[in-house]
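Heads up: the structure comes next, in C-alpha cells.
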Amino acid sequence: MAKPSFQRLGTSIDVPNVQALAASIANPADVPPRYVRPEAKADPVVSDGDSELPVIDFSRLLHRRFSREESAKLHHACADWGFFQLINHGVPDQAMEKMKADIVEFFKLPLEEKKAFAQLPNSLEGYGQAFVVSDDQKLDWADILTLVTRPLQSRNIDLWPAQPLTFRDSLSCYAMELKSVAGTLLEVMTKNLGVAPEEFSTIFQDQTQAVRINYYPPCPRADEVLGLSPHTDGSGLTLLLQVNDVEGLHIRKGGDWYPVKPLPGALIGNIGDIIEVLVFVSGVCARLPREMAKPSFQRLGTSIDVPNVQALAASIANPADVPPRYVRPEAKADPVVSDGDSELPVIDFSRLLHRRFSREESAKLHHACADWGFFQLINHGVPDQVMEKMKADIVEFFKLPLEEKKAFAQLPNSLEGYGQAFVMSDDQKLDWADMLSLITRPLHSRNIDLWPAQPLTFRDSLSCYSMELKSVAGTLLEVMAKNLGVAPEEFSSIFQDQTQAVRFNYYPPCPRADEVLGLSPHTDGSGLTLLLQVNDVEGLHIRKGGNWFPVKPLPGALIANIGDIIEVINSTRSRVCVCGRALREMAKSSFQRMGSSIHVPSVQALAASIANPADVPPRFVRPEAKADPVASDGESELPVIDFSRLLHHRFSREESAKLHQACADWGFFQLINHGVPDQAIENMKADIVEFFKLPLEEKKAFAQLPNSLEGYGQAFVVSDDQELDWANMLYLITRPLQSRNIDLWPAQPLTFRDSLSCYSMELKGVAGSLLEVMAKNLGVAPEEFSTIFQDQPQGVRINYYPPCPRADEVLGLSPHTDGSGLTLLLQVNDVEGLHIRKGGKWFPVKPLAGALIANIGDIIEILSNGVYKSIEHRAIINTKEERLSIAAFHGPREDSVIGPLAEIVKGYKPKYVSMSYKEFMKAYFSTKLEGRRLMESLKL
Ligand code: OGA
Ligand code: NI
C-alpha cells in the first residue's frame with residue numbers, strides 16, 4: 001500500500017510518438033496522412049522585414065527615467081500585436097542555459113525512459129501529445145511535455161523528468177524567474193489599462209503557471225504539416241523561450257502569418273494568436289493561466305473496470321443475483337472461533353505515557369505485538385469530536401449518488417481515490433466492498449483533487465483525523481522501538497515524516513454474506529495500521545493459530561494491527577471503517593538526520609526581550625568566549641582560490657596547487673569567481689532575511705520535529721545543563737532530492753523553496769568541481785571520490801545570530817569542526833563573526849565581496865589521512881547587529897565507509913579508525929560541539 005502502489009503502473013498513449021515516427025521516416029511519402037494538412041500552405045507568410053515584432057526592454061520598464069516611455073510601448077505592443085520580444089528581462093543566463101540543456105537532454109532519452117513521465121489517460125500533464133478528441137482529428141507534428149509549475153502545491157512531481165538529474169531543479173529555477181518577470185509585466189499592463197492593481201492581482205493571484213515544452217522533429221514534408229495548430233493560448237500571458245536556433249513561430253496579423261525571429265536571449269511575450277510551424281525547434285512556454293492550470297489538466301473522466309459494489313448490492317433482489325465472481329468457497333473454509341475463546345489484548349495509551357505505569361503497559365504492548373500482532377487501543381487521546389466528525393462525513397460521502405462519488409474515482413492504474421481494491425486479472429475473485437483510499441501524509445503527497453469535496457467538511461475532518469492518528473502512531477512506534485531494543489533514532493528515521501494513507505472501506509450488506517468477503521485475507525504493507533470502526537456492525541476477523549477471531553471493538557477504541565486480517569460481511573447492514581496506515585518510507589537518506597536536540601527557547605525572541613545586559617540568562621554566558629586571543633588584522637591571510645582559474649585550461653594547474661596548499665595548511669579558503677549567479681545568491685539572502693523576520697509562531701510551523709535536527713530550532717543541545725549558543729538555525733536537507741522534507745521548508749516568503757532549490761543546485765555544482773580537483777591533488781582516482789560523494793548529499797544550515805548586549809561573553813556557535821566532507825559558507829549580511837583557529841589564536845574571517853568561504857570537514861580529513869585539515873571554528877556575536885549565514889554541507893553517501901583511503905596511506909600508517917558513515921554521524925550528533933574532541937578520539 002505504500003506510495004509506489006498508488007502511482008500509475010503504466011499508461012497507454014493514444015497518438016503515436018512523433019519523435020519516434022520522424023526518426024523512422026525514410027521518404028516524404030511515409031508521412032502518415034493524418035499529419036498532412038492543406039491549410040499549412042493556405043495563408044500567405046510575409047517575407048522578411050515586412051514588419052517588425054515590437055521589442056520591449058524590461059530593464060527600462062523598471063527604470064525610474066524610462067519606465068513611462070517603455071510602458072507606453074508595451075501598451076501598444078499588446079494592443080496592436082498581442083506579441084512582443086522581451087529583452088533585458090533579467091533572467092540569469094545560467095537559468096536559461098540550464099533549462100535549455102536539460103530539455104535537449106530529456107528529448108534525447110530513449111522513448112521508454114521519456115514514457116516514464118507520460119501523460120496519464122485523460123490528462124494533459126506529462127510527456128505526450130496535444131489533446132486529441134476525435135479519431136479523425138488532424139495531428140500536430142510535435143511531442144510535448146506539459147508540467148504545472150505553480151502554485152507549488154499543484155506540482156505533480158512524479159511527472160517531472162528525473163533525467164537528466166538536474167531537470168527538476170532547472171525547471172524550478174526557470175519557473176521562479178519567469179514568474180517574477182510575468183508578475184512585473186502584468187503589473188505594468190494593469191496600470192496601462194487603468195485597472196486597479198488589486199483587481200488584476202486577485203485574478204492572477206498565486207500566479208498559476210504551467211510550462212509546455214514543445215519538441216518539433218524535422219519533417220521531409222515540412223510545409224504540409226504543422227507543429228502546433230493555430231490557436232490562442234488559454235492563459236493570461238505566455239512567455240516563450242526558443243531553445244535552439246531553429247525558427248518556427250508564426251503569428252497572425254491582418255490575415256498574414258509573420259515568422260518570429262527571436263533576438264538572442266529574448267523571451268517572446270504573447271497575449272494573442274499563435275501558430276508554430278515545425279522544424280527542429282523546441283520551445284519552453286511558461287504560461288500564466290487565470291484558473292487554467294489545475295482544472296483543465298485534471299482528468300476529464302475515467303472508467304472503472306470493476307462494478308460499484310454499493311450500487312450492485314442495492315440492485316440485488318435475491319441471493320441468486322450475487323454474481324459468481326464474488327462467491328468464494330474459502331470464506332467458509334477456516335473455522336471462526338466463538339465468543340470468549342480468546343481475548344484481543346487491550347492497551348491503554350494513557351498508561352503508556354504515564355510515568356508510573358508506562359513500564360508495565362509497554363511490556364503488555366510488546367506481548368500484544370509479538371503474540372497477536374493486534375490490539376485494541378483505548379484512551380488514545382484522539383478527541384471524540386475528531387472521531388465523530390470523521391465518521392459522520394464518511395457516512396455522508398457514501399450516501400452520495402454514484403455519479404458524485406465518481407468525481408473522486410481512482411485514476412486508471414492507481415489505487416488512490418474512490419473505487420475498488422486493485423484487480424489484476426479478469427478471472428480474479430472480487431471483494432464485496434467499495435473503498436476510498438487517500439494519501440494523507442506527507443502533506444505534499446496529498447492529491448487533494450481526489451479528496452471528496454462533499455460533504456463540505458470532509459477535507460477538514462480528514463486532515464484533523466490524520467494529524468491525530470499520526471501522533472498516536474508516532475508514540476506507539478517509539479514504544480515499540482524501545483521494546484525491540486532498537487535505537488529510537490533508527491526507528492524514527494525509518495518512519496520519518498510518517499507517510500500515512502487512509503482507506504475507508506464500505507461493505508454493503510449481502511444476502512449471501514457468508515459466501516463473500518469484504519476484504520480478502522491480507523497483511524498490511526504498512527508499518528502500523530490503526531483502524532476505526534465507523535458504525536457498530538462488526539466484521540473484522542484476524543487470524544491466530546489457524547483460526548479466525550472476530551474482533552469486537554470496545555467503544556471509542558482504535559484497533560491497531562501489524563498482522564493478518566480479513567473483513568467479513570453482514571447480511572443486512574452495511575459496515576464502514578477507516579484504516580489509517582503509517583507507512584515506512586525507506587528511500588529517504590538519514591544523512592545528518594540522526595541528531596536530536598533538547599528543546600531550548602528561541603534565542604531570537606529572547607534577544608528581543610532583553611532590556612539590559614543583566615537579563616542575559618546564565619546558561620548563555622561562557623567564560624571561554626574571551627579566553628583565547630584573537631589575532632589582529634593583517635597578522636595572516638586566509639588563502640583566496642579563484643574558481644574560474646581552476647577550470648581554465650591555462651591556469652588550472654597553478655590554481656590547483658594553490659588549492660592543495662590551502663586545504664593542507666589552513667583547511668579554509670575564500671572562493672571567488674565561483675560562477676553562482678548573483679541572482680541565486682541574492683534571492684536566497686533576501687528570503688532568509690524575510691523568513692527570520694516572521695513572527696515566532698509562523699516560524700514554528702517549520703520547527704524541528706522531536707528527535708530531529710531538521711527544521712527551525714537550535715543545534716546540538718544534548719543535556720539540560722549544557723551551555724547554550726546565542727543562535728537560532730534552520731537546518732534543511734536539500735539533496736538527494738528524494739530526501740527533502742518539503743513540509744519543513746518555509747512556505748513564507750513564497751519564493752523561499754524555489755530560492756533554496758536553486759541555491760542548493762548551484763552549490764552542489766561548485767562543491768562537485770572542488771571535490772574533483774581535491775581528489776586529483778590527493779592522487780586519488782576521481783571515481784573513488786565520486787563514488788563516496790555520489791548524488792552529493794547536501795544539507796543547508798541557516799544560522800541566525802541575534803545581537804547581544806554581552807556579545808563578548810556569549811558564543812553564536814561553539815568551537816567545532818564540521819561533520820561534512822566540504823562546507824561552503826555564505827555570509828548573508830555584512831556583519832562578520834566567523835573565527836577560525838590557527839596556532840592557538842582565533843582568526844576573524846573577512847569575507848570578500850561575493851565570495852564563498854570553503855572549509856574541509858571531518859570526512860575529508862579522515863579520507864585524506866590527515867593531509868587536509870578539518871579546522872576548528874566558531875561564530876561570535878555582535879552587540880548591535882544581527883548576523884546571518886548559510887552553511888551548505890556536502891557529505892558522503894549514507895552507506896559509505898569512512899576511513900583513510902589506501903592510495904593516500906600507501907606504505908604509511910592510517911591515522912584514523914575506519915567506520916561506517918552512519919556510526920560517525922551518530923557519534924558526531926550525540927556529543928555537544930566541542931572543538932576537535934571527536935576527531936582526536938578517532939585518531940589511532
Ligand atoms: C556552521 C558554521 C559559521 C558562521 O554553520 O557550521 O560554522 O559563520 N557557521 O555562521
Ligand atoms: Ni561550521
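The values are calculated or read from the model by the stated rules, or taken from the named source; none is laboratory data. This structure is a prediction, so every number in the text was calculated from the model and none was measured. No Cβ is skipped: glycine too gets one built from the backbone with ideal geometry, and neighbour counts run over all protein chains shown. Protein only, heavy atoms only, side chains kept; ligands, DNA and RNA dropped before computing areas. Shrake-Rupley method; radii C 1.70, N 1.55, O 1.52, S 1.80 Å.
Give me the accessible area per residue for region 345-408, probe 1.4 Å, as a whole number in Å². Roughly 54 Å² per residue, with all protein chains present. Relative to a virtual label point 7 Å from the Cα of residue 554 in the Cα→beta-carbon direction, which members of region 360-401 show backbone nitrogen distances below 17 Å? Once the point is set 7 Å along Cα→Cβ of residue 554, 360-369, 372-384 turn out to lie under 17 Å by backbone N, inside region 360-401.
In the structure shown, the pairs 405/700; 100/138; 100/179; 685/838 are assessed against 26 Å; a Cα-Cα span above that value is assigned to 405/700; 100/138; 685/838.
Tell me whether region 342-482 comes out rounded, prolate or oblate; compute the Cα gyration tensor, take square roots of the eigenvalues as a ≥ b ≥ c, and use a/c under 1.5 as the rounded threshold. Walk me through the intermediate numbers first.
Numbers: a/c = 2.40, a/b = 1.70, b/c = 1.41.
Prolate, because a/c is 1.5 or more and a/b exceeds b/c.
Straight-line reach from residue 429: taking Cα to Cα under 19 Å and skipping same-chain neighbours fewer than 8 places apart, the lysines in range are 332.
Among the protein heavy atoms of region 55-117, carbon and sulfur supply 51% of the accessible surface, probe 1.4 Å, non-protein parts ignored.
For region 737-841, the Cβ-based charge dipole about the Cα centre amounts to some 220 debye (Lys, Arg positive; Asp, Glu negative; other atoms uncharged). Each Lys and Arg adds +1 at its Cβ and each Asp and Glu adds -1 at its Cβ; summed about the Cα centre, region 845-897 shows a dipole of about 280 debye.
Keeping every protein chain present and rolling a 1.4 Å probe, give me the accessible area per residue for region 699-823 in Å². Could the numbers behind the result be given before it?
Working: 3560 Å² over 125 residues.
Heavy-atom accessible area per residue stands at 28 Å².
Applying a threshold of 32 Å to the alpha-carbon distances of 191/253; 114/253; 41/98; 108/918; 191/880 flags 114/253; 41/98; 108/918; 191/880 as lying beyond it.
Estimate the FRET efficiency between residue 385 and residue 67 by the formula 1/(1 + (r/R0)^6), using the beta-carbon distance for r and 56 Å for R0, to the nearest 0.05. After rounding, the FRET efficiency stands at 0.50. For region 779-883, applying the loop criterion from DSSP together with a ceiling of 10 other beta carbons within 10 Å to the trypsin sites (Lys or Arg not before Pro) yields 880. Label-to-label distance for residue 831 and residue 353 is 3.9 nm, based on points extended 7 Å past Cα in the beta-carbon direction.
Here's the list of lysines a cross-link from residue 776 could span, going by alpha-carbon distance under 18 Å and ignoring same-chain residues fewer than 8 apart: 658, 869, 906. For residue 192 and residue 933, the FRET efficiency from 1/(1 + (r/R0)^6), where r spans their Cβ atoms and R0 equals 51 Å, is about 0.20. Which one, 691, 751, 674, is farthest towards the positive end of the dipole of region 654-764 when Lys and Arg carry +1 and Asp and Glu -1 on their Cβ? Going by the Cα projections, it comes out as 751.
Accessible surface comparison of 554, 226, probe 1.4 Å, protein chains only, largest first: the order is 554, 226.
Taking all protein chains together and a 1.4 Å probe, the residues 243, 689 rank 689, 243 from largest to smallest accessible area. To the nearest 10, the accessible area of residue 34 is 80 Å² with a 1.4 Å probe.
Ranked by the mean number of other Cβ atoms within 10 Å of their residues, highest first, the peptides 168-174, 641-647 fall in the order 168-174, 641-647.
Suppose accessible area is computed on protein heavy atoms with a 1.4 Å probe; arrange 434, 449 from highest to lowest. Working shown, then result.
Numbers: 434 0, 449 45 Å².
Highest to lowest solvent-accessible surface, that is 449, 434.
Charge dipole (Cα centre; +1 on Lys/Arg Cβ, -1 on Asp/Glu Cβ; no other charges) of region 754-794 amounts to roughly 120 debye.
Computed in the context of the full set of protein chains, the accessible area of region 655-795 at 1.4 Å probe radius has 51% of its extent on carbon or sulfur.
Note on residue 742: accessible area approximately 40 square angstrom, rounded to 10, probe 1.4 Å, nucleic acids and ligands left out. Rolled with a 1.4 Å probe across the full set of protein chains, the surface gives residue 676 an accessible area near 10 Å².
Just to confirm a number: summing +1 for Lys and Arg and -1 for Asp and Glu over residues other than residue 221 whose beta-carbon lies under 12 angstrom from that of residue 221, what do you get? Don't skip to the end; give the middle numbers.
Working: positive: 37, 41; negative: 30, 223, 224.
Charge balance in the 12 Å sphere: -1.
Tell me, in nm to one decimal, what length is gained between residue 609 and residue 443 on full extension, where the rule is 0.36 nm per residue of separation less the Cα-Cα distance? 56.3 nm is the gain from fully extending residue 609 to residue 443. Segment residue 404..residue 916, full-extension length gain: 178.8 nm, with 0.36 nm per residue of separation and the alpha-carbon distance subtracted. Within the shell defined by Cβ-Cβ distances under 11 Å, the residues around residue 651 carry a net charge of +1, with Lys and Arg each +1 and Asp and Glu each -1.
Legend: calculated FRET efficiency, residue 27 to residue 635, from the Cβ-Cβ distance at R0 = 60 Å, rounded to 0.05, equals 0.20.
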